[in-house]
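Colleague: Here it is: the structure, laid out below.
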Amino acid sequence: MSRTTDPRTPGLLEPAAERGAQERLQQASDRAAYLARVSRGLSGAMHTDRAVDLVLEMLVGPLVDWAQLTILDRREHLFRSRSLDGADDSARLPADEIPPGSSLARVLSTGVTDLVMVPDGADTDSPSLVSAVPSADLRERLTSIRPMDLLTIALSARGTTYGALTIAQRGGHGFDAETVAFLEDFAHWVAVTLDTTRALAESRRVTAVLSRELTPPQLPVLTGVEFATYYRVAFEQEALGGDFYDVHGTDEDWTVVVGDVCGKGVEAAVLTGKVRQAVRTVCLVDRDPARVLDLANRVLLTGSDETFVTAICARGRRVGDGLHLEIAAAGHPEPLVVRADGSVEEVAVGGTVLGLLEESRYSSVGLDLGIGETCLFYTDGVPEAPGHRSRFGDDRMRELLEATGACAVQAQVEGIAMALSAHLSDRAHDDIAILAVQASEVR
Amino acid sequence: MSVDVVWSHEVDGYLDALGRGDRGSALDQVRSLRADGHDVPDLIRHLLGPAQLRVGELWVSDTWSVAREHAATAISESVLTALAVEREREVRPSADAPRVVVSCVEQEWHALPALMLAEHLRGEGYAVSYLGANSSAQGLVRHVHELGPSAVLLSCSLSAFLPLARRQVEAVRETGTPVVVGGSAFDADGHRARVIGASAFATTAFGTRALLESLPSAVPPAPPLTHPGADEAYTVFGDRETLADDVARILVRSLADDPAGVGDDEAWLQVLDDQLPHLVGSVAGALITDDPTIVSDALDWAEIVLRHRNAPAATGRALRQALLEALHDLPVATRLMIGSMGQTDRPA
């Protein structure tokens, strides 16, 4: 499939003043149809770079021979231009390198359209070209089409001019008043869309920084243990959920926590951040998982959040060839263990959910893992996952782990994740988290 | 300079590690080949790719269980991910490297082809955002909005997911971003890719660079599908689990009438149960791409899989008849099923 450029719409920009009523009506209707196409084409573009490219794609060819978009970005001016042969050029210049009296500077400061006439035989450094196109890189291709006029129209929204559109036609063609009015219309449509993408980018940046702390972290690489995880949120559009996991510590002594905040989406995610931080803080003093949950419970009770959290916390230490885990739980599903012979067993460990009772106390159970043995923690989103005939169920997890047997922990988790995904199809589901720990050889 | 190796031996050894579920050995082998000067694209081309084909064959022939196949695939994925992490420490993409997003189609679980493509493109100097398997349509569009990539590459392995591929092509083009599709769900001529509105079609990872460079910087929204069957495709896809139940019921009933019955070994029934939603889905795939060969190919493949599991000889024919019966309310799908049958089996 090759690049397709619309054939130039005939007569869209030609002066129609001296023509008959029929032709003028036709041109007006063609222009309206063109603007509607532009609006449809731009409606889904929410990234500024992409929207800029779309505008140039729709403008150069169907309407004009060369165009430049200027966008102010903090203290810089970003330029992107396109010519009829489909070639794109980009440049960025510091704001103070735009001469104050130039055509572009005037448009940016006043918001009023400006027309520069280009003398015959103007070269790349001719003042009239520099006045509207300050970047030498962009003037190269512009000069080759020998423009007569350079028309610059402001892009304004939210009460500010934040950019400009500069356009040119090949040798001998300029712009009459009616054409200028139509292009101003076009620029107005474009200005609002482009501004939306800029506003989105600003809020997206804030969201990205804030949510970085609330999404599952990259797990550390520790000697003698391999981790594998699976994580899926209920509300895909928010990309944040109420399930969480975390691993921290040293090769000799580390902590893993998996939990589930009652609720979904952003509100739940904010609380997961709190719990994870509480666990990390407590672990600096004492890694005993029962102590960790005791204190996390008290932290939650002092807060104003009226919600509960289930969690399971394990401390891992290298003992001989394998690992020794101490595990404490707060209203959380019991973990599953895959032994070296491929058999699967449950770890009986229980406790009250966090954030409910002042008097809750937690205790831990011990678990030894030989090389290649796995302990798998999960949230109730896994067994509760709805399917075509039934819920996923605890039995299904056991069966899958038995079928996979003793093998790489990534394969064990992926086996469940694949079956779970097929089971869910596109049904709505709760947040889902799996974190598995496998004792591995010290290499 | 790289040390010469006999790749077929390397593949045998690697496959052996995969079969044992031994990630450590698989990773050691790949690391030592890398230390001998074979770069990641080379390893994908000569070792991981061919090994993965063999894994698929071993499952089809019932030599490996489905759990063993999944485990093997997961290990190759984690080996490739480990290599990617190691390489990222050595080389970072330059600040002005063109950015692309590589993703699997929604619900698609075959992540390895997309992962291989992502690693190949990283090797070519692209800044790649790899979204992995089972990324949602919303998640994909969110990433496109955030990153503003110059293109999205969408991998689809199962023809049953082609209706979702179309949805994602629509969603990505809505943002103005060109979308390249690839994977075993597409035909070599690019017909299916064209019909669903992709900006380009990648047959293999290896020519992708030239292809990406030839893409327009922005694309208009995908035009609506107008061919007969485009609407039915979503009906079939949405109902595929229920339709699969219907097909299973009709099939078992018709085989019970057969003197040979369903056979003594019922393992094939379990495999059929797993595969039926995909088979019904392949009808949806054929409808959305206006390509009936998808259904005949899927049925031929299913017959081979079932034969290896001792299904009765009449199963293939009975399966076609059952699909035809289950889809009788849908005119285009019915025509398509009739087209996929031999002359003698067609209803009068």
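The values are calculated or read from the model by the stated rules, or taken from the named source; none is laboratory data. Note that the structure is predicted; figures quoted are calculated from it, not measured. Cβ: placed from backbone, ideal geometry, glycine included. Neighbour counts: every protein chain shown.
Colleague: Only one residue in A:Leu104, A:Leu54, A:Leu72 is of a type in the set (A, V, I, L, M, F, W, C) and within 14 Å of another protein chain (Cβ to nearest Cβ). Which one?
Modeller: Working: A:Leu104 fails: within 14 Å of another protein chain (Cβ to nearest Cβ); A:Leu72 fails: within 14 Å of another protein chain (Cβ to nearest Cβ).
The unique qualifying residue is A:Leu54.
Colleague: Still on this structure, please answer the following. I'd like the full set of residues that are more than 10 Å from chain B (Cβ to nearest Cβ) and surrounded by fewer than 20 Cβ atoms within 10 Å (Cβ to Cβ), limited to segment A:372-417.
Modeller: A:Asp380, A:Pro383, A:Glu384, A:Pro386, A:Ser390, A:Arg391, A:Gly393, A:Asp394, A:Asp395, A:Arg396, A:Arg398 - these are the residues of segment A:372-417 that are more than 10 Å from chain B (Cβ to nearest Cβ) and surrounded by fewer than 20 Cβ atoms within 10 Å (Cβ to Cβ).
Colleague: Would you kindly identify the helices (runs of 4 or more DSSP H) lying entirely within segment B:117-226 that contain at least 3 residues that are more than 9 Å from chain A (Cβ to nearest Cβ)?
Modeller: Once the helices (runs of 4 or more DSSP H) in segment B:117-226 are filtered for at least 3 residues that are more than 9 Å from chain A (Cβ to nearest Cβ), what remains is B:162-174, B:191-195, B:208-213.
Colleague: Tell me which residues, restricted to segment A:38-51, are over 20 Å from the mean Cα position of the chain (by Cα) and at the interface with chain B (Cβ under 8 Å from one of its Cβ atoms).
Modeller: Selection gives A:Arg40, A:Gly41.
Colleague: Given B:Ser155, B:Ser159, B:Ser135, which one is crowded, with 24+ Cβ neighbours inside 10 Å and at pLDDT below 90?
Modeller: Just one listed residue meets the conditions, B:Ser135.
Colleague: Right, another one. May I ask you to verify whether B:Glu77 is facing chain A (nearest Cβ under 9 Å), acidic (Asp, Glu) and in contact (Cβ under 8 Å) with a residue 40 or more places away in the chain?
Modeller: Judged against the criteria, B:Glu77 is not a match.
Colleague: Checking the conditions here, which among A:Arg24, A:Arg19 is away from chain B (no Cβ under 13 Å), out of contact with any Leu (no Cβ under 7 Å at 6 or more places or on another chain) and not in a helix (DSSP H, G or I)?
Modeller: Result: A:Arg19 is the single residue among A:Arg24, A:Arg19 that is away from chain B (no Cβ under 13 Å), out of contact with any Leu (no Cβ under 7 Å at 6 or more places or on another chain) and not in a helix (DSSP H, G or I).
Colleague: Right, here's the next one. Out of the residues in segment A:150-167 that are over 11 Å from A:Thr113 (Cα atoms) and out of contact with any Gly (no Cβ under 7 Å at 6 or more places or on another chain), which is surrounded by the most Cβ atoms within 10 Å (Cβ to Cβ)?
Modeller: Step by step, filter segment A:150-167, then rank; the result is A:Gly163.
Colleague: Here's another thing I want to ask about it. Could you please find all residues in segment B:170-225 being over 21 Å from A:Arg82 (Cβ atoms) and without any contact (Cβ under 8 Å) to a residue 24 or more places away in the chain?
Modeller: Residues satisfying the conditions are B:Ala188, B:Asp189, B:Gly190, B:Ala193, B:Arg194, B:Phe201, B:Thr203, B:Thr204, B:Gly207, B:Ala210, B:Pro224.
Colleague: What are the pairs, 6+ residues apart or on separate chains, where a residue within segment B:92-115 that is closer than 17 Å to A:Ala422 by Cβ has its Cβ under 7 Å from a residue that is charged (D, E, K, R)?
Modeller: Cβ pairs passing all conditions: B:Gln107/A:Asp426; B:Ala111/B:Glu77; B:Leu112/B:Glu77.
Colleague: How many residues does segment B:241-252 contain that are within 14 Å of B:Ala322 (Cα to Cα), within 13 Å of another protein chain (Cβ to nearest Cβ) and not polar (S, T, N, Q)?
Modeller: 5
Colleague: Please verify whether segment A:249-267 includes one or more residues that are within 29 Å of the chain's Cα centre (by Cα), among the aliphatic types (A, V, I, L, M), closer than 28 Å to A:Ala428 by Cα and not in a strand (DSSP E or B).
Modeller: Yes, that holds for at least one residue.
Colleague: Take the residues in segment A:82-100 that are away from chain B (no Cβ under 12 Å) and closer than 27 Å to A:Leu35 by Cα; name whichever of them is surrounded by the fewest Cβ atoms within 10 Å (Cβ to Cβ).
Modeller: A:Asp85
Colleague: Run down A:Arg139, A:Arg92 and say which single residue is in a helix (DSSP H, G or I) and not polar (S, T, N, Q).
Modeller: A:Arg139
Colleague: Output the qualifying pairs, or none if there are none: Cβ atoms under 6 angstrom, residues six or more apart or on different chains, first residue in segment B:279-299 and under 15 Å from B:Gly339 (Cα atoms) and in contact (Cβ under 8 Å) with a residue 24 or more places away in the chain, second residue of a type in the set (Lys, Arg) and part of a helix (DSSP H, G or I).
Modeller: B:Asp291/B:Arg192
Colleague: I've got another one for you. Residue by residue through segment A:421-431, note down the ones that are within 11 Å of chain B (Cβ to nearest Cβ) and either crowded, with 24+ Cβ neighbours inside 10 Å or free of Cβ contacts under 8 Å to residues at least 12 places away in the same chain (or both).
Modeller: Correct list: A:Ser421, A:Ala422, A:Asp426.
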